[in-house]
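This report concerns only the one structure given below.
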């Protein structure tokens, strides 16, 4: 697990896509990147059951998509501090890292759900469809933020 995106970047295998996860209490939004690490695409929303079943589904996705690293949205408070939801996300990451040996990092997700909601509203998505899509669209905002930062690091590295 890497708290710093620079350390995460150094640990990434070459030519492998990344996955972004938006952990909610009821669902996990999943997004994936291309192998060039340029574009995040919403993939699916996993309905949460219990950790072992959730992890099993995520491991299936990571294997099928040949994912090289995972970016977890870290739900900081608006003042930047970490509350109970951050602790829960970090605990998930610790437990997941025992099952998957790829690099994992965190990305500040403070406004990802707001941005996803706005994008879906602008696309004139119905309320029911928005509820179905919001988590994996939010995951793509989280992942895209990390991809943009990684690209910036590569350009200036």
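A compact table of results
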{"read-out": "All positions within region 65-104 that are within 24 Å of residue 15 (Cβ to Cβ) and assigned to a loop (DSSP other than H, G, I, E, B)", "value": "65, 66, 99, 100, 101, 102, 103"}
{"read-out": "Pairs where the first residue, in region 19-34, is without any contact (Cβ under 8 Å) to a residue 24 or more places away in the chain and the second is in a strand (DSSP E or B), C-beta under 8 Å, 6+ apart", "value": "26/47; 34/17; 34/41"}
{"read-out": "Candidate set from region 36-50 (those that are out of contact with any strand residue (DSSP E or B) (no Cβ under 9 Å at 6 or more places or on another chain) and more than 20 Å from residue 103 (Cβ to Cβ)); member that is surrounded by the fewest Cβ atoms within 10 Å (Cβ to Cβ)", "value": "50"}
{"read-out": "Of all residues in region 69-97 being at pLDDT 95 or above and touching a helix residue (DSSP H, G or I) at 6+ places or on another chain (Cβ under 9 Å), the one that is surrounded by the most Cβ atoms within 10 Å (Cβ to Cβ)", "value": "71"}
{"read-out": "Restricting region 13-27 to residues that are at pLDDT below 95 and surrounded by 13 or more Cβ atoms within 10 Å (Cβ to Cβ), the residue that is nearest to residue 136 (Cα to Cα)", "value": "22"}
{"read-out": "Identity of the residue in region 105-127, in contact (Cβ under 8 Å) with a residue 60 or more places away in the chain and part of a helix (DSSP H, G or I), that ends up nearest to residue 142 (Cα to Cα)", "value": "112"}
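The values are calculated or read from the model by the stated rules, or taken from the named source; none is laboratory data. Quick caveat, the model's predicted, so the values are computed rather than measured. Note that we place each Cβ from the backbone using ideal geometry, even for glycine, and neighbour counts take in every protein chain shown.
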